[in-house]
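For reference, the structure discussed in these notes is given below.
What follows is calculated from the coordinates using simple rules that are stated; it is not laboratory data. Bear in mind the structure is a predicted one, so any value in this text is a computation, not a measurement. Quick reminder, even Gly has a Cβ in these numbers, built from the backbone with ideal geometry, and neighbours come from all protein chains shown.
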Amino acid sequence: MIDKKYPSVAAAVADIPDGATVMIGGFGASGSPVELIHALIDHGATGLTVINNNTGNGEVGLAALIGNGQVSKMICSFPRSSQSKVFPALYREGRIELEVVPQGTLAERIRAAGAGIPAFYTPTTVGTILAEGKEQRDFNGRAYVLEPWLKADIALIKSEVADPLGNLTFNKTARNFCPLMCMAATTTIVQTKKFVARGGIDPEHVITPGIFVNRIVEVPDPVHEDTLIAEGRSYP
Amino acid sequence: MSTGWTREQMAARAAQDIPDGSYVNLGIGIPELVTRFVPAGREFIYHTENGMLGMGPPPEEAERDLDLMNAGKKYVTALPGAAYFHHADSFSMIRGGHIDVCVLGTMQVAANGDIANWSTGAPGAIPAVGGAMDLVQGVKRIYVITQHTTKTGEPKLVETCSYPLTGPGVVSRIFTNLAVVDVTPDGFRVAELAPGVTFEEVQQNTGAPVLPPN
């Protein structure tokens, strides 16, 4: 019987190699898989390329991974926010690389990778500096730029409910990039708040089908990045 | 110089130009105030690009759901009939032309409808685009709400944007503290003056020729 459950977050991330490309789900704090990220900090893989909408907040979660010197490149749409300090400091010192991608293009590049579509045309960035160097083509008199798919070795994802096959549901706007990243990574690792038996999720309500998921760890009472920041916490 | 419209009045004036039943995406800042001034008898459905239609007002602190945020990463609520979806669906709504109106703040708008609202392009500035470039290319109608000038008095309505563009030729109407200004094939044209504001004042505070109201 297929059972994708892993005993711990540490076991689930133990084989992530140096230099891996890692997608991390979440939009700001909502949907951020904090326990998996902290396990990756403990694990210590370095030279990572990380794909996320942002660059983390405070000194926990993604910001702590960056602050620990494990990330050599960020691919994101919005690398700064009122509470993001770690990434901006490293970036200004030239110690971390940045690829800025418009949010919708970022989502579609990830989706395309999961769907086996190597590139697509979008009107987003036409006429701006972010279109420089990109192939352009007109369709029906309108200009579009060519954007390549975006794949990853690993995806770290937080779900609300998972079953042993990896079928997932999410909670409200914590869904964001997660279903796309599950499709686009070679190995998708999920921390779930609730782990249920087969049949515990109505097939009509499955958001991410289990075929896109490889490993599941139950984290019944996940911490929230905003709560940690409000408490002034840092990691490790 | 007269004061013209307040931030709230600018938002209220913009709300007047959004048709009943519109799917609306609001930028951060003054555009967020539009929700307070929906004209009687109209319903707007708010889209937030991080994955919800039917976004409601901010919750009381005790009612906060940490997994329910808007694109500005502020806590919000979901109205009855709301829907959640992932980012590719959310930007299909934007890029696919399904969102009717987007109201944005800006640093500059040019007389040809170019908008620059994502980066100053200054050395050392960290570029952060978010969903702005997708919104301006995909949403059917792009409105801008902005003070007419910067805090130091520089025009924000200009002949050519000096900051890097978010998108070319996309803005249709601008709501400022001084006037409602349309982007036309002939450049800026005043559609309406704020109370107590003269056409000459608008021209003096604009970095490009302005046509008088029709």
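Taking Rh as the Kirkwood radius, which is the inverse of the mean 1/r over Cα pairs, what is the Rg/Rh value for chain B?
Working: Rg = 17.3 Å, Rh = 17.8 Å.
Radius of gyration over Kirkwood radius for chain B works out to 0.97.
Only sites in a loop by DSSP and with at most 15 other Cβ atoms within 10 Å count here; which trypsin sites (Lys or Arg not before Pro) in the range B:128-168 make the cut?
Numbers: sites: B:140, B:141, B:151, B:156; in loops: B:140, B:151, B:156.
Taking the range B:128-168 and a limit of 15 other Cβ atoms within 10 Å, the loop trypsin sites (Lys or Arg not before Pro) found are B:140, B:151.
In nm, give the distance between the simple-model label positions of residue A:5 and residue A:204, each being 7 Å from the Cα along the Cα-to-Cβ direction.
My value for the distance between the label points is 2.8 nm.
Determine ³J(HN,Hα), in whole Hz, for all residues of the range B:75-87 in sequence, where each value follows from phi through the Karplus function 6.51 cos²θ - 1.76 cosθ + 1.60 and θ = phi - 60°; x replaces Gly and Pro.
6, 9, 10, 10, 7, x, x, 5, 9, 9, 7, 7, 4
Can you list residues from other chains, or at least 5 along the same chain, whose modelled amide H is less than 5 Å from the amide H of residue A:194?
Sorted by chain and number, the residues that satisfy this are A:161, A:162.
To test your reading of the geometry: what angle, between 0 and 90 degrees and rounded to tens, separates the Cα axis of helix B:7-16 from the longest principal axis of chain B?
Once rounded, one gets 80 degrees.
Need the C-alpha centroid separation for the range A:135-207 versus the range B:138-195, integer Å.
Each part's Cα centre sits 38 Å from the other's.
What does the convex hull of the Cα atoms come to per residue for chain A, in Å³? Don't skip to the answer; put the middle values down first.
Details: hull volume 31.4 nm³, N = 236.
Residue-normalised Cα hull volume stands at 133 Å³.
Please state the charge dipole magnitude for the range A:122-228, taken about the Cα centre, from unit charges on C-beta atoms (+1 on K and R, -1 on D and E), reported in debye and rounded to the nearest 20.
On the way: 11 positive and 13 negative charges, 26 e Å.
Approximately 120 debye in magnitude.
GluC sites (Glu not before Pro) within the range A:116-212: which are DSSP loop residues with at most 14 other Cβ atoms inside 10 Å? Don't skip to the end; give the middle numbers.
On the way: sites: A:132, A:135, A:160, A:204; in loops: A:132, A:135.
Of the GluC sites (Glu not before Pro), the ones in loops of the range A:116-212 whose Cβ has at most 14 other Cβ atoms within 10 Å are A:132, A:135.
Can you give me the orientation-averaged projected area of the convex hull built on the Cα atoms of the protein assembly as shown, in nm²? Provide the component values of the computation, followed by the final result.
On the way: hull surface 91.1 nm².
The orientation-averaged projected area of the Cα hull of the protein assembly as shown comes to 22.8 nm².
In terms of modelled amide H atoms, which long-range or inter-chain residues lie less than 5 Å from the amide H of residue A:6?
Close amide H contacts, sequence-distant or interchain: A:216, A:217, A:218.
Can you work out the Karplus-derived ³J(HN,Hα) for every residue in the range A:89-94? Use 6.51 cos²θ - 1.76 cosθ + 1.60 with θ = phi - 60°, whole Hz, and x for glycine or proline.
After applying 6.51 cos²θ - 1.76 cosθ + 1.60, I find 5, 5, 5, 5, 7, x Hz.
Given the C-alpha centroids of the range B:29-57 and the range B:92-132, what is the distance between them in whole angstrom?
Rounded to whole Å, the Cα centres lie 19 Å apart.
Out of residues 5 or more away from residue B:5 or on other chains, whose amide H comes under 5 Å of its own, with H placed 1.01 Å from N in the peptide plane?
Counting only residues 5 or more places away or on other chains, the set is B:178.
Could you tell me which trypsin sites (Lys or Arg not before Pro) in the range A:27-104 are loop residues by DSSP with no more than 14 other beta carbons within 10 angstrom of their beta carbon? Intermediate values should be presented prior to the final figure.
Numbers: sites: A:73, A:80, A:85, A:92, A:95; in loops: A:80, A:85, A:95.
Taking the range A:27-104 and a limit of 14 other Cβ atoms within 10 Å, the loop trypsin sites (Lys or Arg not before Pro) found are A:95.
Can you sort B:90, A:234, B:119, A:81 by how many other beta carbons sit within 10 Å, fewest first? Mind dumping the intermediate values first?
Values: B:90 30, A:234 13, B:119 21, A:81 18.
With the fewest neighbours first, B:90, A:234, B:119, A:81 line up as A:234, A:81, B:119, B:90.
With +1 assigned to the C-beta of every Lys and Arg and -1 to the C-beta of every Asp and Glu, and no other charges, what is the dipole magnitude of the range B:4-63 about the Cα centre in debye, to the nearest 20?
On the way: 4 positive and 9 negative charges, 62 e Å.
Roughly 300 debye, rounded to the nearest 20.
Normalised by the residues of chain A, what does the relative contact order come to in percent, with Cα pairs under 8 Å and at least six apart? It would help to have the intermediate numbers written out before the result.
On the way: 568 pairs, mean separation 57.8, N = 236.
In percent, rounded to a whole number, it is 25.
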